[in-house]
Amino acid sequence: MDFSQCTAVGPLCPVEATTYGYYPHLAANILFAVVYGLCALAQVALGLRFRTWTFMVALALGAFLEMAGYIGRILMHDNPWASGPFKLQIVTIILGPTLVAAAIYLTLKHLVLYLGPQHSRIPARLYTWIFISCDVCSLVLQAIGGGVAAAAGRTDQHKLAVGNNIIITGIAFQVATMTVCGLLGLDFFVRASRNGAFDARERRSEKETHWRAFKIFCCAEILAYTTVLIRCIYRIPEMAGGWGNELMQNEKEFLILDAAMIAISVIALTIFHPGIWFPPMRTGYQKEI
């Protein structure tokens, strides 16, 4: 049956024939929209207060995009055939995590500088240049793919498949980038630990609470990295199966492996904001001490 002309659920246009095959859960999507909105506002406030400008832009914009995506899903609750909200959530939920990942890459550079760049395989500045550049490439690919898929809607299956393949390429590239970054980060921390960098930095800390805060921040950073990576890995098979596949039509798995993973990451980087827990990331920090 041809559903290309469907604009609302009805006897000839059942919800099962939509891309997702379900009515998006209203309460869950409202919850995530609120969480992301509050985190975006908190990131702006904290970024202005502690002068973590680049980190603020990346994370606040990422959280804002996620919020917009879940607003789109909320609007789809009454009508899963609605084209505008469908396109909105495709693009924003794909792009948001890429900006969260960029904030994590930026943080790693400052961690390397703090513990000692001599323990790193590559110069500290390259963590930003290499991985954020790769992140931008991933962002562009996913944006192009999302745009093509959104333009195709549900009527042009060929264009929809093209957009889907571009999105998969962008996400796979993002997973590869995050994996390499994670391995370099792990290697750095192992080398720094073996060479006594942690003990030396702890002895130089003015107060024990400063060092404790730094360790807590590192744990939050690892949690944020891990949850973003889990989401990206989940997205590959979800998109690889094509639009409307069985995995894509499982909202519970989407809410756990996509929505919740990025929410945990954003919440961790908001509660344990570097402006409070890792002051060296503040602009002009050296002038404060």
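The values are calculated or read from the model by the stated rules, or taken from the named source; none is laboratory data. Keep in mind that what you see is a predicted model, and the values were worked out from it rather than measured. A quick note on method: Cβ atoms are made from the backbone with ideal geometry, for glycine too, and the neighbour counts reach across all protein chains shown.
Tabulated data
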read-out: Residue in the stretch 1-11 that is closer than 21 Å to N164 by Cα, modelled with pLDDT under 95 and buried (at least 22 other Cβ atoms within 10 Å of the Cβ) present; value: no
read-out: The stretch 95-114, subset out of contact with any Ser or Thr (no Cβ under 9 Å at 6 or more places or on another chain) and within 12 Å of A63 (Cα to Cα), residue surrounded by the most Cβ atoms within 10 Å (Cβ to Cβ); value: G96
read-out: Single condition A27 does not satisfy, out of (1) modelled with pLDDT under 95; (2) over 23 Å from T98 (Cβ atoms); value: (1)
read-out: Selection within the stretch 239-259 - buried (at least 18 other Cβ atoms within 10 Å of the Cβ), part of a helix (DSSP H, G or I) and modelled with pLDDT of 90 or more; value: E251, F254, L255, L257, D258, A259
read-out: All positions within the stretch 42-86 that are more than 20 Å from the chain's Cα centre (by Cα) and either buried (at least 24 other Cβ atoms within 10 Å of the Cβ) or not in a helix (DSSP H, G or I) (or both); value: R51, M76, H77, D78, N79, P80, W81, A82
read-out: Near pairs, Cβ below 9 angstrom, 6+ apart or cross-chain, from the stretch 110-122 (at positive phi) to any residue that is modelled with pLDDT under 90 and in a loop (DSSP other than H, G, I, E, B); value: G116/N195
read-out: Residues (in contact (Cβ under 8 Å) with a residue 40 or more places away in the chain and in contact with a Leu (Cβ under 9 Å, 6 or more places away or on another chain)) located in the stretch 30-51; value: F32, Y36, C39, Q43, G47
read-out: Selection from the stretch 115-149 of residues that are over 16 Å from L99 (Cα atoms), in contact with a Phe, Trp or Tyr (Cβ under 8 Å, 6 or more places away or on another chain) and of a type in the set (G, A, S); value: S120, A149
read-out: Filter result (among the hydrophobic types (A, V, I, L, M, F, W, C) and loosely packed, with under 14 Cβ neighbours inside 10 Å) within the stretch 156-199; value: A176, V180, L183, L186, V190
read-out: Close pairs (7 angstrom Cβ cut-off, 6 or more residues apart or separate chains): farther than 21 Å from V228 by Cβ in the stretch 244-258, among the polar types (S, T, N, Q) anywhere; value: G244/T19
